[in-house]
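Before I ask anything, here is the structure I am working with.
Just so you know, all these numbers are worked out from the coordinates, no wet-lab data involved. Small disclaimer: the values here were computed from a predicted structure and weren't measured. Heads up, the Cβs are rebuilt from the backbone with ideal geometry, glycines too, and the neighbour counts pull from every protein chain shown.
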Amino acid sequence: MKVAYYPGCSLEGTARDYAESILGICASLGIQLEEVPDWNCCGATAAHSIDHRASIDLAGRILKLAAQMPHPDMLVPCPLCFNRLKTAAQALQGDHHRRYSVKLEAALPKIWDLADFFATKEMLETVAEQITKPLEGLKVVCYYGCMANRPPEVTEAKDFEDPQSMDCIVRNLGGIPVPWPYKTDCCGASQVLSRLDIVSRLVGNLYDMAQRVGAQAIVVSCQMCQANLDMYQGKIEADWGRRFSLPVYYFSELIGLAIDANGVKKWLSRHITNPFPLLRELGLWSTHPRAHPHGTWR
Amino acid sequence: MSQETLNPDYQLLEQLEAAGPFQAGACFQCRKCTNGCPVTFAMDLYPDEVIRMVILGQREPVLRCRTIWVCASCETCTTRCPNEVKIAELMDCLKEMAVEEGVPCPQPQVLTLHETLLSNVKKRGRLFEGTFLSTYMLRSGELWRRWKSGTWKGELKLAWQMLYKGRLRLFPRTIKGKKEVRAILTHPRQTENTS
């Protein structure tokens, strides 16, 4: 199966773990990802905040390039990119398309939020066939954040107040997705750089609720959420005067773990909040046979 | 008691709707936006107040308020509005208008963040986090603030960890179509024409 792929800028840098885990599981599952040729930045929050026209034209250029590819599906791992691409597709095909310089001629591929793609019936079955290490006993909350769901007129999400994609994925892998009320509450996103105090309060609320419902970890599909929840956990713990110790896994890393894909250790070791102790405690992280290329001494 | 009378000025609403539409005029003040907003604690005007003031043409306070800049664009308000007012999108439009009209920004570091990101993308067509983060820290004065508050040690440790764990790219990538991107980001600012 071949699909178009728009990784977005942060997957080339701070979200390298997410990028590698996606490439890793897709290789194991026989999905060939073809990057949109010469893709550019979608403009992110900055463009839609202070330069609306550029926000549509930047995403429009990506759509134009994607439309020239032969694939009917395009996977977008970053929910903000996904949201901007969907917004641009709507704007460039809507009543006010003449405001923008990009003109769409060819038909667009279907734009997929990555978690939604992996939660389709076919993908769940494909993954289930390859599970060798089910995630038994792993109790997590799935945290979806904002951009993959809202506003539903743009994202075309059905369960936008109570999304299910990652819950289905985790259940399929043998884990336990705990229901909780903060699935789509905001983590503060880019305010982490300008107003860390806001992010500390919002993310602290998430940790607190995750602990109250008895989760051992948080599962995400957004690299901004992952960064805010993983990188600043120590700082937020200090602000709140509490220990949370909640590893923050990408759903793609959990798929990799369950199907024993190559490179899981490398992806997880890029996290700031140590993701290994919980896995060891649950017996999900035994010494890898592959870690000993010369075999065991016995 | 003397009462100040307010003369509604509908120009602001018309100007915004021409750039939208955002259906701001449909607001009936149910306050669902404000009740669902995660960052009201950091706002000076509540989202419903911003909409009301837009309808009443209170240009100055609306363009000067902190609310539009601390809005996290989480889209909860737009999603839940019973009258389909595009509140978050309207906040963006107000930010853009404030920048165009040269209104001083009450949260300068937020504006600096956006400007730094766009000028970074303009250079190569893609965002290069290495120079983006460092330029932002210098330009916004965040580095100085962190130095003074003593939180710089934590930040430095984090930066080191990111580097050590391979999450900071050392060299940027430039795309072939960077000129196209540059053209998109340098278009002359003009008011939106309805088409």
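If I measure Cβ to Cβ between cysteines in chain B, which ones have no partner under 4.7 Å?
Result for chain B is B:27, B:30, B:37, B:65, B:71, B:81, B:93, B:105, no neighbouring Cys Cβ within the cutoff.
Check which residues have an amide H placed less than 5 Å from residue A:260's amide H, if you skip close sequence neighbours.
So residue A:260 has HN proximity to A:132, A:133.
Using only the alpha carbons of the range A:133-290, determine the length spanned along each of the three principal axes and report them from longest to shortest in whole angstroms.
45, 38, 27
Pull up the cross-link candidates among the lysines for residue A:110, meaning alpha carbon to alpha carbon under 29 Å and not fewer than 8 places away within one chain.
A:2, A:64, A:86, A:121, A:158, A:183, B:86, B:122, B:176, B:178, B:179
Over 19 Å, how big is the tail of the calculated P(r) for the range A:179-259, in percent of all Cα pairs? Could you put the intermediate results ahead of the total?
Values: 1057 of 3240 pairs.
I get 33 percent for the Cα pairs in the range A:179-259 exceeding 19 Å.
Right, next: Using θ = phi - 60° and the Karplus curve 6.51 cos²θ - 1.76 cosθ + 1.60, what whole-Hz ³J(HN,Hα) does each residue of the range B:89-105 get, with Gly and Pro shown as x?
Per-residue couplings from phi come out as 5, 5, 4, 4, 4, 5, 4, 4, 5, 4, 5, 4, 8, x, 6, x, 8 Hz.
So, counting K/R as plus one and D/E as minus one, what does the shell of residues with Cβ under 14 Å around residue A:76 add up to?
Numbers: positive: A:84, A:86, A:110; negative: A:34, A:35, A:73, A:113, A:116, A:156.
The answer is -3.
Which whole-Hz ³J(HN,Hα) couplings does the range A:54-62 yield from phi under the Karplus relation 6.51 cos²θ - 1.76 cosθ + 1.60, θ = phi - 60°, glycine and proline marked x?
Residue by residue, the range A:54-62 yields 5, 4, 7, 5, 4, 5, x, 4, 5 Hz.
Above 24 Å lies some portion of the pair distances; for the range A:54-163, what is it as a whole percent of all C-alpha pairs?
Numbers: 2091 of 5995 pairs.
In whole percent, the long-distance tail amounts to 35.
What is the distance in Å between the Cα centroid of the range B:77-98 and that of the range A:213-274?
Here the two parts' Cα centres lie 32 Å apart.
Another question, if that's okay. Return the sequence-ordered ³J(HN,Hα) values of the range B:79-86 in whole Hz as given by the Karplus equation 6.51 cos²θ - 1.76 cosθ + 1.60 applied to θ = phi - 60°, using x for Gly and Pro.
5, 9, 4, x, 9, 6, 6, 8
Another one. With N denoting the number of residues in the range A:2-115, provide Rg(C-alpha) divided by 2.2 N^0.38 Å, to two decimal places. Display every interim value, and only then the final one.
Working: Rg = 13.9 Å, N = 114, 2.2 N^0.38 = 13.3 Å.
Expressed relative to 2.2 N^0.38 Å, the Cα Rg reads 1.05.
Dipole size in debye (nearest 20) for the range A:92-229 around its Cα centre, Lys and Arg Cβ +1, Asp and Glu Cβ -1?
On the way: 14 positive and 17 negative charges, 72 e Å.
Dipole size: approximately 340 debye.
Where does chain B land at 222 nm, in deg cm²/dmol rounded to the nearest 500, when only DSSP H runs of n ≥ 4 count, each adding -39500 (n - 2.57), divided by all residues?
On the way: 12 runs with 109 residues, N = 195.
One gets -16000 deg cm²/dmol as the mean residue ellipticity at 222 nm.
Before rounding to the nearest 500, sum -39500 (n - 2.57) across all DSSP H runs of length at least 4 in chain A and divide by the residue total; then give [θ] at 222 nm in deg cm²/dmol.
On the way: 15 runs with 134 residues, N = 298.
Value at 222 nm, helices only, nearest 500: -12500 deg cm²/dmol.
Counting other Cβ atoms within 10 Å, which trypsin sites (Lys or Arg not before Pro) in the range A:67-120 have at most 11 and lie in a DSSP loop?
On the way: sites: A:84, A:86, A:98, A:99, A:103, A:110; in loops: A:103.
Those that pass, being in a loop and sparsely packed, are A:103.
Moving on to the next point. On average over all directions, what projected area in square nanometres does chain B have, based on the convex hull of its Cα atoms? Could the numbers behind the result be given before it?
Working: hull surface 61.7 nm².
With every direction weighted equally, the projected area is 15.4 nm².
Right, here's the next one. Comparing A:140, A:154, A:170, which has the greatest mean-square fluctuation in the GNM of chain A with Cα pairs linked when under 10 Å apart?
In the Gaussian network model the winner is A:154.
If we count every other residue with Cβ under 14 angstrom of residue A:60's Cβ, Lys/Arg +1 and Asp/Glu -1, where does the sum land? Walk me through the numbers on the way to the answer.
Numbers: positive: A:53, A:61, A:64, A:84, A:86, A:98, A:99, A:103; negative: A:51, A:57, A:105, B:180.
Overall, the nearby charge balance is +4.
Here is a follow-up. Project the alpha carbons of the range A:92-150 onto their principal axes and report the range along each, largest first, in whole Å.
That works out to 54, 24, 15 Å along the principal axes.
Okay, moving on. Starting from the alpha-carbon convex hull of the range B:108-185, give the projected area averaged over all orientations, in nm². Present the calculation step by step, with values, prior to reporting the outcome.
Numbers: hull surface 22.5 nm².
The number I arrive at for the range B:108-185 is 5.6 nm².
Turning to a different aspect of this structure: Treat the count of other C-beta atoms within 10 Å as a stand-in for reagent exposure and order B:168, B:94 from fewest to most.
Numbers: B:168 17, B:94 23.
Taking fewest neighbouring Cβ atoms as first place, the list is B:168, B:94.
Using only the Cα atoms of chain A, what are the Rg and Dmax in Å?
19.4, 72
Between the range A:1-49 and the range A:139-187, how far is it from one alpha carbon centroid to the other, in angstrom?
Centre-to-centre distance over Cα atoms comes out at 20 Å.
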